[in-house]
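Every number here is computed from the coordinates shown, using simple stated rules; none is lab data. Bear in mind the structure is a predicted one, so any value in this text is a computation, not a measurement. In this analysis, Cβ positions are derived from the backbone assuming ideal geometry, glycine residues included, and neighbour counts consider all displayed protein chains.
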Amino acid sequence: MINRETLYKYAKAFGVELDDNMLSRFRLYASELISTNKKYNLTAITDPDDIIVKHFIDSLAVLKFFDLEYGDRVIDIGSGAGFPSLPLMIAKNGMLETTFVDSVRKKLLFIERALKVCGLKAEIIHARAEELSRDKAYRETYDVATARAVAPLNILCELCMPFVKVGGYFVALKGASDELDTAKNAIKVLGGKVESSVSYKLPNGDSRSIIIIKKISQTPTAYPRIYKNIASKPL
Ligand code: SAM
């Protein structure tokens, strides 16, 4: 069971004020994560204090640097067990229109259960990102795309930016390494412009960064390419 006070205190340090209802939802989410993880490997992080810091606070850090608005249409690419967008939904009281996308169905079944125990609603899609963004219903229709721990930034941009509408943002959660230089060309080709890149530390001292890319023009229809080409010849 996670410690409510610890979560509250750490979130507040990132400028996020969690109320009782939100703290209860985080507890339910953590319990579901721990129990499901005993049957199916969703995450290597299972200690309750580590879940608070490395999953919940790591995800909530987005709110310190990016102004996510109620009603925003958000797509989480390679969402795994729901990070970062399920914590963001909880902190925004469910008032985000979120789509979770992953190529592994079992992870999505977990998200479905986690949403249910938290009393939240979202769209869940089993697909490869590079295939889904070719569908008109999803291409350039999102205010925000998020991704954590999915691929290097130059590859990730091609997976995520086609979903973002012009004027929207791609928010990439990254570790300590500076990947911006190698991704500059991809960002430009895909219609983006770096809005900001911030580095910070988690409460345990681990270094993280968040890169915020604004979509300033449409992504050319040639992108995304098939995954083999995205990965072997990154833009
Ligand atoms: N974002 C989660 C987190 O931070 O805990 C999960 C990270 S996990 C290391 C990467 C996830 O991305 C996996 O669940 C994998 O199935 C998914 N993934 C990788 N490439 C993908 C693609 N092209 N389309 C959809 N999902 C993808």
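Ranked by how many other Cβ atoms sit within 10 Å of their own Cβ, fewest first, the residues Ile124, Ile90 fall in the order Ile124, Ile90.
Backbone N atoms of the range 91-127 closer than 19 Å to the 7 Å Cα→Cβ label point of Arg4 belong to residues 91-94, 117-120.
DSSP assigns beta bridges within the chain; of those with both partners inside it, close to 45 percent run antiparallel.
Under the convention that each Lys and Arg Cβ holds +1 and each Asp and Glu Cβ holds -1, the size of the dipole of the range 10-160 around its Cα centre is about 540 debye. Grouping the Cα pair distances of the range 11-56 into 10 Å bins from zero gives a pair-distance distribution of 26, 52, 20, 3 percent in increasing distance order.
Distance from the alpha carbon centroid of the range 175-235 to that of the range 15-81 works out to 22 angstrom.
Among Lys188, Lys12, Lys215, what is the fewest-to-most ranking by other Cβ atoms within 10 Å? Write down the numbers at each step before the final one.
On the way: Lys188 15, Lys12 11, Lys215 26.
By the 10 Å Cβ count, ascending: Lys12, Lys188, Lys215.
Report the paramagnetic label zone for Lys193: residues of the range 209-224 whose backbone N is under 14 Å from a point 7 Å from Cα along the Cα-to-Cβ axis. So the set is 213-218. Sorted ascending by nearby beta carbons within 10 Å, beginning with the fewest, Leu7, Leu42 become Leu42, Leu7. A dipole drawn for the chain from +1 and -1 charges on Cβ atoms has a positive end, and of Met1, Phe26, Ala129 the residue lying farthest that way is Ala129. Spacing of the modelled spin labels on Arg128 and Thr141, each 7 Å from Cα toward Cβ, amounts to 2.1 nm. The overall shape of the range 78-235 is oblate: from the C-alpha gyration tensor, with semi-axes ordered a ≥ b ≥ c, the ratio a/c is 1.5 or greater and a/b is no larger than b/c.
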